[in-house]
């Protein structure tokens, strides 16, 4: 299978830079897959798991992300994540800390749109907790 270039970064560091065969993204409108020669796309991400396959037959490298954006163009995928934790380093306590942080934001704002945004983030994280 054909490969494409992946650059996966957070504000703190470059997490991954290599040729890959497939990446599964937790898009804001649902999970989707990127393969080589994918049409150009820019999309936001919701809290979820990114699965990176160097080879489709291999086990994926899995990261939990809180939110971010992806940009696929000219067979190059860039993932910009606000926060990313390798799944092996993820535990329910870390997820609970994120939930508490978002709950505090809900408690201090009067803006219904912001409250809704944080409630959605909490729901997404709780859904992932069942897989940990």
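Values computed for the structure shown
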| read-out | value |
| --- | --- |
| Pairs, first over 15 Å from residue 26 (Cβ atoms) in the range 50-72, second modelled with pLDDT under 90 and surrounded by fewer than 17 Cβ atoms within 10 Å (Cβ to Cβ), C-beta under 6 Å, six or more apart | 56/1 |
| Subset tally (residues that are touching a residue at least 40 places away in the same chain (Cβ under 8 Å) and under 11 Å from the mean Cα position of the chain (by Cα)) for the range 28-49 | 4 |
| Members of the range 20-30 that are touching a strand residue (DSSP E or B) at 6+ places or on another chain (Cβ under 6 Å) and either part of a strand (DSSP E or B) or surrounded by 17 or more Cβ atoms within 10 Å (Cβ to Cβ) (or both) | 20, 21, 22, 23, 24, 25, 26, 27 |
| Conditions (1) at pLDDT below 95; (2) surrounded by 16 or more Cβ atoms within 10 Å (Cβ to Cβ); (3) not in a helix (DSSP H, G or I); number of the one not met by residue 57 | (2) |
| Out of 7, 12, 86, sole residue that is free of Cβ contacts under 8 Å to residues at least 24 places away in the same chain and over 10 Å from the mean Cα position of the chain (by Cα) | 12 |
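The values are calculated or read from the model by the stated rules, or taken from the named source; none is laboratory data. Just so it is clear, the model here is predicted, and its values are computed rather than measured. Note: ideal-geometry Cβ built from the backbone for every residue, glycine included; neighbour counts use all protein chains shown.
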